[in-house]
1. Taking the Cα atoms only, what angle lies between the long axis of helix 22-32 and the longest principal axis of the chain, rounded to 10 degrees?
2. So if I place +1 on the C-beta of Lys and Arg and -1 on the C-beta of Asp and Glu, and nothing else carries charge, what would the dipole magnitude of the chain be about its Cα centre? I want it in debye, nearest 20.
3. Near residue 200, which lysines are there with a Cα under 22 Å away, not counting those fewer than 8 places off in the same chain?
4. Please figure out what share of the DSSP beta bridges in the chain is antiparallel and state it in percent, rounded to the nearest 5.
5. Below 19 Å, Cα to Cα, which aspartates and glutamates can residue 505 reach? Residues fewer than 8 away in the same chain don't count.
6. How many percent of the accessible area of region 88-159 is carbon or sulfur, using a 1.4 Å probe?
7. Against the longest principal axis of the chain, how steep is helix 606-618, in degrees 0 to 90 to the nearest 10, with axes from Cα atoms?
8. Relative contact order for the chain using alpha-carbon pairs under 8 Å, separation at least 6, rounded to a whole percent?
Amino acid sequence: MCFFFMKSNSSSHQTSLSRVTLSGLIVTVGIVFGDIGTSPLYVMKAIVGATPDYDADYIIGAISCIIWTLTLQTTVKYVLLALRADNNGEGGILALFSLLKSMRRRWLYVVAAIGAAALIADGVITPAITVTSAVEGLRLVFPEIEVLPVVLVVILLIFIIQSAGTGRIGRCFGPFMLVWFLMLGVFGVMNFVACPAMFKAFNPWYAVRLLVSSPSWFMIMGAVFLCTTGAEALYSDMGHCGRRNITVSWIFVKLMLILNYLGQGAWLIGHGGEMAPDVNPFFAIMPQSFVSVGVAMSAGAAVIASQALLSGSFTIFSEAINLDFWPRMKIKYPSDEKGQIYIPSVNFCLLAGCLLTVVMFRDSSHIEAAYGLAITITMLMTTVLLTVWLRCRGVNVVLCGAFAVCFFVIEGLFFVANMFKFAHGGWFTVLLAGVVAAVMIIWFKATKLRGSYIEYRKTAGSYALISSIKADADIPKYASNLIYFSRSPNNDMIESKLIYSIVNKRPKRADHYWFIHLEHVDCPDTLEYSVEIAVPETIYHVTMRLGFRVEPKISVYLRQIVEDLVASGDLDLTSSYPSLKREGIPGDFRFIIIHRLFSPTSSCSLGSATMMYLHQLLRHIGIDDRQAMGLDTSVVTNETVPLIINTVPGRRIVRSE
């Protein structure tokens with residue numbers, strides 16, 4: 001007998017995101033484009049820093065590089081193509097991986113882990129460089145101000161507000177960023193209209209000529225790449241705003257960005273290479289009377305950009321947990337709004353990394369040396385996954401190859417250019433990304449390895465024995481309802497250790513036995529279950545299907561399932577104790593969680609043993625199963641059993657004569 005229940009609001013949510021409305025566009029401008037929208041704060045400063053003795057041809061060529069980078073990398077790859085590779089409306093490299101994980105290409109998980117880890121490393125650097133660049137503008141108003149303490153305080157405040165959620169603040173993001181982008185465009189137009197030569201920048205020939213003729217092309221490309229670092233975040237935030245809203249609003253955002261870059265370029269040409277080292281052309285193009293307002297606006301935009309990266313980092317870890325890339329961690333939901341996730345331990349680690357970055361590099365010019373390298377790695381990994389996705393969608397192999405070659409060349413050049421920054425600070429982001437990627441790869445591989453050595457047995461053969469234990473009054477009753485978590489997706493099979501726990505490890509008599517299987521599915525918002533009643537009023541198999549963004553509140557969901565079964569007459573929840581039954585009091589529930597510890601007696605390869613020990617070590621990063629599934633301590637019993645892996649035939653002792 002099987003029952004099915006579904007609770008999912010993803011379809012209605014996606015329907016709302018598919019509509020393009022004015023309010024939707026304004027919200028999109030605030031949520032999605034914070035990172036890429038603050039790039040004018042430091043891009044032109046970095047470009048000028050690459051070649052202090054610049055001329056008009058250099059500036060025009062550099063801005064041509066910016067225009068065509070935004071066009072090819074952001075518009076073509078991400079807005080026009082990557083946004084179509086959605087997982088039920090969700091985007092990002094892990095959502096893309098979840099579309100491909102069923103394929104037999106086992107190496108794809110390595111690609112996804114490296115890309116996600118590099119994006120997290122970018123989440124450490126972005127708040128540091130954005131806030132520092134904005135606060136440095138205060139020197140135009142207060143020349144003697146100490147920037148570093150102000151930057152540290154602002155960053156600390158950004159991370160502190162995460163625990164309260166950003167739902168209310170988020171509603172202000174859209175209007176604020178709309179004004180921000182309009183400000184970028186207006187000041188850009190005010191400066192470049194007096195320099196008609198800037199229109200040459202739309203010709204890609206000037207970009208090619210600059211890169212071919214300049215001996216420091218790698219430094220130029222490393223600086224130019226900073227203009228598109230928010231493209232990956234744009235893809236990751238698709239689930240919050242929808243593809244159409246992002247696509248339409250990008251037209252406005254791109255126009256304002258280009259106008260501002262043109263204005264900064266015109267100002268630099270007009271000043272003939274006489275810019276002081278500590279002058280930022282972003283603030284220099286503003287009227288002197290507006291600089292203080294511009295600094296305040298920049299600080300607000302920096303906070304929004306940082307917030308977007310932090311929210312994205314929380315989302316990445318949440319997805320990584322449900323895709324078996326990371327140990328279970330405590331996740332909080334500050335509000336009911338979609339995407340409002342807070343992970344305390346991740347927030348603390350990102351804060352520590354961000355503060356360390358600021359203290360180590362001290363100003364935006366030095367932070368630029370560490371910025372960009374990690375995100376080029378993420379973009380390369382996304383290109384790999386997108387190529388596989390295109391091929392899976394039936395796109396011609398020639399077109400897939402053309403796409404791969406085109407963007408491998410572009411991103412490969414950016415990667416090489418940023419590698420020249422390695423010794424000057426790029427090593428820091430590579431180190432961060434390497435540590436996170438190593439944890440992801442080890443946890444994913446070790447989890448799969450552990451799962452492959454779990455022993456299963458036919459459930460049908462145990463039904464009679466379990467029913468007999470239920471009827472045996474000589475066995476003390478353990479609980480009215482006894483719940484186990486099963487890894488078997490098939491109700492016909494069950495782990496041997498679960499039956500061992502019921503029968504052999506102190507026989508456990510109960511009125512009802514529940515075997516719950518948690519299935520994390522690719523659809524992000526799925527929340528549904530199915531029930532198979534193996535033995536009426538005795539044995540129940542429950543499968544809960546949870547999307548990778550759904551909080552696993554197992555106690556709550558089981559209570560809802562029980563209510564459905566009681567309402568349908570398939571379960572009598574009343575306690576079997578006569579005194580309680582007369583009063584109609586329901587029976588109690590007891591969860592049994594079985595921990596499988598790798599046994600030193602295992603006969604397996606050194607590699608497998610190493611993976612198992614590393615898995616046990618990494619378990620300390622996360623929380624235990626009870627906390628991860630939202631279970632009350634008072635109703636949980638933990639049992640430990642050995643996980644024995646025998647891949648190498650062992651000797652058997654023989655009886656002597």
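1. On a 0 to 90 degree scale, this one is about 90.
2. Dipole about the Cα centre, nearest 20: 1600 debye.
3. Residue 200 reaches 45, 254.
4. Of the beta bridges lying entirely in the chain, close to 40 percent run antiparallel.
5. Here the aspartates and glutamates satisfying the reach criterion relative to residue 505 are 455, 472, 474, 495, 639.
6. 63
7. Once rounded, the angle reads 80 degrees.
8. Worked out over the chain, it gives 20 percent.
The values are calculated or read from the model by the stated rules, or taken from the named source; none is laboratory data. Note that the coordinates shown come from a computational prediction; the quantities given were computed from them, not determined experimentally. Cβ: placed from backbone, ideal geometry, glycine included. Neighbour counts: every protein chain shown. For accessibility, only protein heavy atoms count, side chains too; no ligands or nucleic acids. Shrake-Rupley method; radii C 1.70, N 1.55, O 1.52, S 1.80 Å.
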